[in-house]
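Below you'll find the structure, written out as structure tokens, and then a few comments.
The values are calculated or read from the model by the stated rules, or taken from the named source; none is laboratory data. Keep in mind that what you see is a predicted model, and the values were worked out from it rather than measured. Because the Cβ atoms are built from the backbone with ideal geometry, glycine has one as well, and the counts that use them run over all protein chains shown. The protein model used for the area step is the full one, side chains on, heavy atoms only, and it has no ligands, DNA or RNA in it. Shrake-Rupley method; radii C 1.70, N 1.55, O 1.52, S 1.80 Å.
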Amino acid sequence: ISSANDYQLIMSKAGVIVNREDRAVLIKDLVQKSASKLDARPNLTIELLDELTDIVESPSLICGQFENSFLELPAEVLSTVMQVHQRYVPLYSENAPIDFLSLDAKNKLIPKFLCISNGLLSAKDVIRLGNERVLKARLADADFFLRADLSITSLDRCKKLNSVTFSEGLGTLLNRVERIKWIVENLFAYLDFSTLEKDESTKAAYLSKHDLVSEIVGEFPELQGIMGGYFSI
């Protein structure tokens, strides 16, 4: 490189897009065009786009797929595995809810994903197969953990909170849940709740932390609270 003015052009000829914004725009364009061809809506978050932009120098797009049977898992589990752990872009059907992190999004995913690659185009098929194998293993783990969690009731899971220390001097997580429940019960004196609403509120307070000791949240901590909602239905 004989001149700084020639830097970006020379690097581009060598397959490196130096400008970060150019890489981000290219990735967004690749994702949108590919999703459109599949009649799908990509869940490309700002955080994921930022990470993808910073880990590739010459982005190209690969479309992979996974087994339909994994669609039985909650959409949030699938999305977390793909986005957070594998840096893939999940694809939702066009009529999926706008709020991706919603219980209403269940079963709205399609069995495909988008992967931003930094590899040679000639190795595209090999890279796709490798990513599909990795995703299959991760989803199989998630399915195993979820099945294990569903084998016990939410109330039984709450009892396990007694074996987890919340904070020194403040007891266990079960002690914390009991305090939350006590606060809710005391608030009833100031709220015009029906008997049913009081019962449901008390139960919700008691179950508010039970997914912290679930297998699925132990493996995927990003799902805490979300999985508690599923277990409590």
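For the condition within 14 Å of the chain's Cα centre (by Cα) and either polar (S, T, N, Q) or surrounded by fewer than 13 Cβ atoms within 10 Å (Cβ to Cβ) (or both), what is the one hit in GLN83, GLN65, GLN8?
On the way: GLN65 fails: within 14 Å of the chain's Cα centre (by Cα); GLN8 fails: within 14 Å of the chain's Cα centre (by Cα).
Of the residues listed, the single one that is within 14 Å of the chain's Cα centre (by Cα) and either polar (S, T, N, Q) or surrounded by fewer than 13 Cβ atoms within 10 Å (Cβ to Cβ) (or both) is GLN83.
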Pairs returned, first residue in region 12-23 that is closer than 15 Å to LEU121 by Cα, second residue that is in a loop (DSSP other than H, G, I, E, B) and open to solvent by 50 Å² or more (accessible area, probe 1.4 Å), beta-carbon separation under 9 angstrom, 6 or more apart or interchain, are GLY15/GLU57; GLY15/LEU120; VAL16/GLU57
Contacts under 6 angstrom Cβ, first residue in region 100-127 being under 20 Å from LEU52 (Cα atoms) and at pLDDT below 90, partner β-branched (Val, Ile, Thr) and open to solvent by less than 70 Å² (accessible area, probe 1.4 Å), 6 or more apart | GLY119/ILE127
Qualifying residues in region 165-181 (those that are over 25 Å from ILE152 (Cβ atoms) and open to solvent by 50 Å² or more (accessible area, probe 1.4 Å)) - the one farthest from the chain's Cα centre (by Cα) = GLY169
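What's the total number of residues in region 187-204 that are open to solvent by 100 Å² or more (accessible area, probe 1.4 Å) and closer than 20 Å to SER232 by Cβ?
Number of matching residues: 4.
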Of the residues ARG20, ARG41, which is open to solvent by 90 Å² or more (accessible area, probe 1.4 Å), in contact with an Asp or Glu (Cβ under 9 Å, 6 or more places away or on another chain) and of a type in the set (D, E, K, R)?
-> ARG20
Can you name the condition, by its number, that THR53 falls short on among (1) free of Cβ contacts under 8 Å to residues at least 60 places away in the same chain; (2) open to solvent by 80 Å² or more (accessible area, probe 1.4 Å)?
-> (2)
Take region 216-225 and flag every residue that is surrounded by fewer than 20 Cβ atoms within 10 Å (Cβ to Cβ) and in contact with an Asp or Glu (Cβ under 8 Å, 6 or more places away or on another chain).
-> GLU219, GLN224, GLY225
